[in-house]
Amino acid sequence: MSEILILTGAGVSAESGLGTFRDVGGLWDQYDLEEVATPEGFARNPALVHEFYNLRRDLMQKAEPNAAHRALAKLEREIGDRMLIITQNIDDLHERAGSKRVLHMHGRLANAFCAHCGSQRKEVGALSVADACASCRQPGGMRPDVVWFGEIPHHLEEIDQALGRAELFVSIGASGQVYPAAGFVAAAQRLGAETLELNMEATSTAFNARKIGPATEIVPTWVDEILSR
Ligand code: APR
């Protein structure tokens, strides 16, 4: 079984009711990303940023993993450490479907940290500017553990190593618009991997193969194909 490296984007959680960013009516049609997804936006208006992420955290908690998340968890149960999921998503649906080998390169909405002292908090509820940090006691610093535009994504070293090991790179529900994730497919190809896109529409990036359709249909079918080899 080849080493399979999977990149997921918002499209894998779309059918669980969580919004994507760049589809028509997506989150970046509804909100100005400069205001809600940058450190400058947080400094300017932290209450608006908390409102944006509190709403998304509430929707995440009410959402259920879908057949695509479950199929990827089934693949991991079958092939274990021969696969790894790198997700751009900040939701916890991969984990709630049973996946354990997941790297959240853009952080995790369920967690928070203090911008003043860096102390981490797990599984938080709604955040507000009134929250004081349990460690440094300073108010106003608690922020979602989410990588904003202009900040460095997590796990880049591990991702680099995984790209070097991958024999098959699969992009699921990602538009290929945001770097560094958008560059992974070219890097995987350069390093000798086969590349496959499973997405609602073909993105401009050059994959060796594509399957177009809703993730809840094409991901389980692909997993069954892989496991029948
Ligand atoms: N099944 C499969 N693919 C889908 C589905 C679906 N049901 N619905 C939407 N898609 C596809 C869209 O066609 C699109 O290509 O998912 C992709 C979603 O693209 P984006 O909204 O740009 O989301 P993503 O690629 O994850 O964005 C990357 O940008 O704003 C930042 O940090 C944010 O992690 C995010 C990053």
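Every number in this text was worked out from the coordinates using simple rules, so none of it is lab data. Here the structure is a predicted model, which is why all the values come from computation and not from measurement. Methodologically, a virtual Cβ is constructed for each residue, glycine included, from the backbone with ideal geometry; neighbour enumeration extends over all protein chains shown.
For segment 106-175, GluC sites (Glu not before Pro) are listed when DSSP marks them as loop and at most 12 other Cβ atoms sit within 10 Å of their Cβ; the list is Glu123.
Relative to the longest principal axis of the Cα atoms of the chain, the long axis of helix 215-227 lies at roughly 50 degrees. Only lysines eight or more places from Lys211 in sequence, or on another chain, were considered; those with a Cα closer than 27 Å are Lys74, Lys100.
Full extension of the chain between Glu34 and Glu167 yields a length gain of 44.2 nm, computed as 0.36 nm times the residue separation minus the alpha carbon distance. Judged by the gyration tensor of its Cα atoms, with axes a ≥ b ≥ c, segment 120-202 is prolate; a/c meets the 1.5 cut and a/b is the larger of a/b and b/c.
Our note on the geometry: Cα centres of segment 57-89 and segment 185-229, 16 Å apart. The Cα atoms of the chain cover 55, 34, 29 Å along the three principal axes, with the biggest extent listed first.
Counting only alpha carbon atoms, the long axis of helix 156-165 and the longest principal axis of the chain meet at about 0°.
Helix 46-62 and the longest principal axis of the Cα set of the chain meet at an angle near 50°.
Using only helices, what value at 222 nm comes out for the chain when you add -39,500 (n - 2.57) per DSSP H run of length 4 or more and divide by the total residues, to the nearest 500 deg cm²/dmol?
Value at 222 nm, helices only: -9500 deg cm²/dmol.
Less than 5 angstrom separates the built amide H of Met83 from those of Ile4, all sequence-distant by 5 or more or on a different chain. If R0 is 41 Å, the Cβ-Cβ spacing of His155 and Ala130 corresponds to a FRET efficiency of close to 0.80. Here the Debye sum runs over all C-alpha atoms of segment 1-95 as equal scatterers in vacuum, and log10 of I(q)/I(0) at q = 0.12, 0.13, 0.17 Å⁻¹ comes out as -0.47, -0.54, -0.81. For the pair Glu64 and Ala209, the difference between a 0.36 nm per residue extended length and the Cα-Cα distance amounts to 49.3 nm. Using a simple spin-label model with pseudo-atoms 7 Å out from Cα toward Cβ, Arg96 and Arg190 lie 3.8 nm apart. Restricting the calculation to Cα atoms, segment 105-162 yields a radius of gyration followed by a Dmax of 12.8, 41 Å.
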